[in-house]
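Report on the structure given below.
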Amino acid sequence: MSDDDLVTAESRYLMHTFKRQPVELVRGEGVRVWDADGRELLDFVGGIAVNVLGHAHPDIVAAISAQAATLIHTSNLYYTRPQVELAERLSGLGLEGRSFFANSGAEANEAAVKLARKWGKQNRKGAYEVVSALGSFHGRTLAMVAATGQPKYQKPYAPMPDGFRHVPYNDIDALRAAISVKTVAILLEPILGESGVIPAEPAYLEAARELCDRENLLLIFDEIQTGMGRTGHFYAFQEYGVAPDVVTLAKGLGGGVPIGVCVAGARADVFEAGDHGSTFGGNPLACAAALVTLEVIEKLGLVEHAGVMGAYLEHKAHVHLSAFGTLRGRGLMQALVLHDDIAQPAAAAALDLGLIVNAIGDRVIRMVPPLIVTDADIDRAVSILEASLDAVSSNVASPGVVRP
């Protein structure tokens, strides 16, 4: 199939839900991928924070190959060792509790909201409303679109399911004002990802915890994108010293294999047999991939490495990119916030020069590379990004903008 045939077939046979970049990726290794023409690209998107160990990591390849040759799927009607071992491992990584396994971040967040609603019946006289943040992103299912604080995602599917309120991020007064007798939980990302990598202020998360304790609510942290060591801590909430009652993980958990999890501490753990379920969730293949991903992260010290490399990326951006914008984020979850509306053309120019980054809107370029990224990789990425921004910025005039 030729390149033209591929594009035509995609348009004919796939629903038009994605605007794809003009490149076909056919192979990956480490922090690099190759297109159909054999061109090497430095991948600073990593499957949108999924490929934490890079592409084709030998330990993941070996683990899923061995598991596929042994047992891929049984359903959750029977015991399987990888699932139990993974749940035990997760309980020791920042929130002690029990796990419900799903296949994606959206499903993990669905489980958290269902858990909160049942908890509200038992502890809050039937309270069911969840307060989340404007600018948040919690998934693409209908309920999670309702939980997401972005009207652009909700408009095509209105009316939205009842039970969600949205308040400005990092606004403590607004958070307090949103609490009512109907409130059962506060659902927050420690760092807003899809809206441009915006970290929570420490006082904000502290206030959320205090509110939940005082009003008898659950605090749920969505760590779908921030977890797995990306921010320099296994969970982003660990930097703040604020523990949730429930945390969700997905994206990088399986190192590229789809898996999500909702971990509930003892206070929130109210599910009983039949309350919730998933046919594929926690299957042996996905759990084997997750177990080896966690093992490699620990063995190579990649949580600490992410913090070091994040600081290095911040330094290089300050030295080479400050004329164009400023870096914002934690660890290896960073966004270049531009002075001008050039994010889209700059990302396209970077792709042409051999770097994959993610443009968010007109002024933000997101970078979430694999945790195995090196300083040499960062040097190359910043060099390409500098050349790309320089090339496109000369074509853009922004009256009133004064660059540093």
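Some observations on this one:
- The trypsin sites (Lys or Arg not before Pro) found in region 50-157 that occupy coil by DSSP, while having at most 13 further C-beta atoms within 10 Å, are K125, R140.
- Taking trypsin sites (Lys or Arg not before Pro) across region 248-300, the ones in a DSSP loop with at most 15 further Cβ atoms lying within 10 angstrom of their Cβ are R267.
- Reciprocal mean inverse distance between Cα atoms of region 240-384 - Kirkwood radius, Å: 17.8 Å
- Phi-derived couplings, Karplus 6.51 cos²θ - 1.76 cosθ + 1.60 at θ = phi - 60°, listed residue by residue for region 356-363: 9, 10, 10, 7, 10, x, 9, 10 Hz, with x used for Gly and Pro.
- Pairwise centroid distance, computed over Cα atoms, of region 319-386 with region 241-284, Å: 32 Å
- Reach of K125 by Cα under 20 Å, taken over lysines that are not fewer than 8 positions away in the same chain: K114, K182
- Selection of GluC sites (Glu not before Pro), region 17-85, meeting DSSP coil and at most 15 other Cβ within 10 Å: E24
- Ellipsoid equivalent to the chain - semi-axes via the Cα gyration tensor, in Å: 34, 27, 20
- Candidates A273, A306, A111, ranked by Gaussian network fluctuation over the chain, Cα under 10 Å, top entry: A273
- Rounded Å value of the spacing that divides the Cα centres of region 208-239 and region 44-100: 22 Å
- Semi-axes of the equivalent ellipsoid for region 29-86, Cα gyration tensor, largest first, Å: 31, 13, 10
- Over region 279-364, accessible surface divided per residue gives 38 Å², non-protein components excluded, 1.4 Å probe.
- Surface composition of the chain: carbon and sulfur make up 54 percent of the accessible area, probe 1.4 Å.
- Of the residues A49, A177, A347, the one that moves most in a GNM of the chain with alpha-carbon contacts below 10 Å is A177.
- Largest mean-square fluctuation among F18, F164, F234, in a Gaussian network model of the chain whose springs join Cα atoms under 10 Å apart, belongs to F18.
- Ranked packing of 380-391, 4-15, most packed first, by mean Cβ within 10 Å: 380-391, 4-15
- Using the 1.4 Å probe convention, the accessible area of region 95-157 works out to 45 Å² per residue with neighbouring protein chains retained.
- Put simply, the convex hull of the Cα atoms in region 1-48 casts, on average, a shadow of 3.9 nm².
- Per the Debye formula on identical point scatterers at the alpha carbon atoms of region 151-194, with no solvent, log10 I(q)/I(0) at q = 0.18 Å⁻¹ is -0.70.
- Geometric descriptor of region 1-144, per residue, is 210 Å³ (volume of the convex hull of the Cα atoms).
- Ratio of the Cα radius of gyration of region 301-404 to 2.2 N^0.38 Å, where N counts its residues: 1.03
- Length gained on full extension, T8 to H318, computed as 0.36 nm times the residue gap minus the Cα-Cα distance: 107.4 nm.
The values are calculated or read from the model by the stated rules, or taken from the named source; none is laboratory data. These figures come from a predicted structure and were not determined experimentally. With ideal geometry, Cβ positions are generated from the backbone for all residues, glycine too; neighbour counts draw on all protein chains shown. Protein only, heavy atoms only, side chains kept; ligands, DNA and RNA dropped before computing areas. Shrake-Rupley method; radii C 1.70, N 1.55, O 1.52, S 1.80 Å.
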